[in-house]
1. Using the alpha-carbon centroid of each, what span in Å lies between the range 71-150 and the range 317-342?
2. Which whole-number percent is the relative contact order of the range 2-348 (Cα, under 8 Å, 6+ apart)?
3. Please go through the range 25-114 and write out the GluC sites (Glu not before Pro) that DSSP classes as loop and that have at most 16 other C-beta atoms within 10 Å.
4. Roughly how many Å is it from the Cα centre of the range 30-45 to that of the range 168-225, as a whole number?
5. Over the chain, how many pairs of lysines fall under 15 Å by alpha carbon, counting only those 8 or more apart in sequence or from different chains?
6. Using packing as a proxy for protection, rank 88-97, 239-248 so that the peptide with the highest average count of other Cβ atoms within 10 Å comes first.
7. Residues with beta-carbon under 12 Å from that of GLY72, excluding GLY72: net charge, scoring Lys, Arg +1 and Asp, Glu -1?
8. With the cut-off at 1.5 for a/c, could you classify the chain from its C-alpha gyration tensor as rounded, prolate or oblate?
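Each value in this text was obtained by applying a stated rule to the coordinates, not by laboratory testing. Since we're looking at a predicted model, the values are computed, not measured. Cβ atoms come from the backbone with ideal geometry, glycine included; neighbour counts cover every protein chain shown.
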Amino acid sequence: MKNTFKIFLGCAVLVSSLTAGTVRSAGTAGAAQLLIPVGTETIALSGANVGTVAGVDALNSNVAGLAHWSSGFQGTVSTMSYIADIDITHAGMVMSMGESGTLGMSIKALDFGEIPKTTAIAPDGDGQTFSPSFFTATMGFARAFSDRVNVGVAAKVISETIEETSATGIALDVGVQYKFPTQPLTLGVTMKNVGSRMHYDGINLDQDLQPEGSASGASNESFRIVADNFALPTSLDISATWGLLDNLNVSANFTNHSYQSNTLGIGAKYTLGSAWVGAGTIMVLGDDEQPSGVNDADWEEWSGTNWGGSLGAGVTVPVGDYDMHISYAMRTANEFFDDHTTLQVSLDF
């Protein structure tokens, strides 16, 4: 299985290097909802737990982590207060299938609230409102091939709807976790959001216009604007976790993005009995040269990250024959947005 891990890592790095992004490619991909993290531990550690993530949270971070759930059933629900008054609800479950593996499902939905509707005729609003509907549904399967190697694959359906216009896409994630037998070191590698291009289509793109070259006074005809296709934000995560003590793990995760600058997340998690506390931070890695004519302040804004430090904590409480996990995490924003928080409750059956 060690050779399998090396082959997977080599192929993932090769594919990612062929599509690696820079600051100049930021904003050229769509479906940005796929980049919003879920799971309090993942948020608290700034995504550095790719090698150790387990349970429902693994569906978003590294699907191979589903295999840690080797018996019973786990369900979770979380709510996040995101930027610009956007609320995010995430719910999921994992179920052990014995020696066959572990199956997991989750859904993440964004609530934009009611947005005032503006038009070319009424740029200040016409008194109406609309509310976009964005969600991602994920189903994954993972299996432990030994006590050291977990492998998983997940399929995602991405849906974005604005009034009567929508875009739908399908993506795949694959992941591996490897635990060294003689060292307190765990590695994780996952390729995420590999899939079809998406594009918007619907009646809201229809316009009534006079055909080009028609005679004066000719009747208007209905035309539909053809929206351009956009790619998914494919990424490769390579993570390492080192156990400094029996209850203290330090992790680092390098993310190679296809359509934005690469990032490095660093986090630490301390466990004491049934409770845990964690913290992390994220930084941008890149060697893009500052274009001439762009001042230092603008370049720092373009090439930096919106996010700063993060922290979180959780505790497990027995409820009858079951265990309830209650956790909280916060991620700070650097300048333009407010900090956002996540509250998560999970129940083990």
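1. Computed from Cα coordinates, the inter-centre distance equals 16 Å.
2. Numbers: 941 pairs, mean separation 69.9, N = 347.
20 percent.
3. Numbers: sites: GLU41, GLU99, GLU114; in loops: GLU114.
Answer in residue order: GLU114.
4. 19 Å
5. Numbers: LYS2/LYS179; LYS6/LYS179; LYS108/LYS156; LYS156/LYS192.
Taking the Cα cut-off of 15 Å, the pair count is 4.
6. Values: 88-97: 19.5, 239-248: 15.1.
Going by the mean number of other Cβ atoms within 10 Å, highest first, we get 88-97, 239-248.
7. Working: positive: none; negative: ASP321, ASP323, ASP348.
So the environment of GLY72 carries a net charge of -3.
8. Numbers: a/c = 1.84, a/b = 1.67, b/c = 1.10.
Judged from the Cα gyration tensor, the chain comes out prolate (a/c at least 1.5, a/b above b/c).
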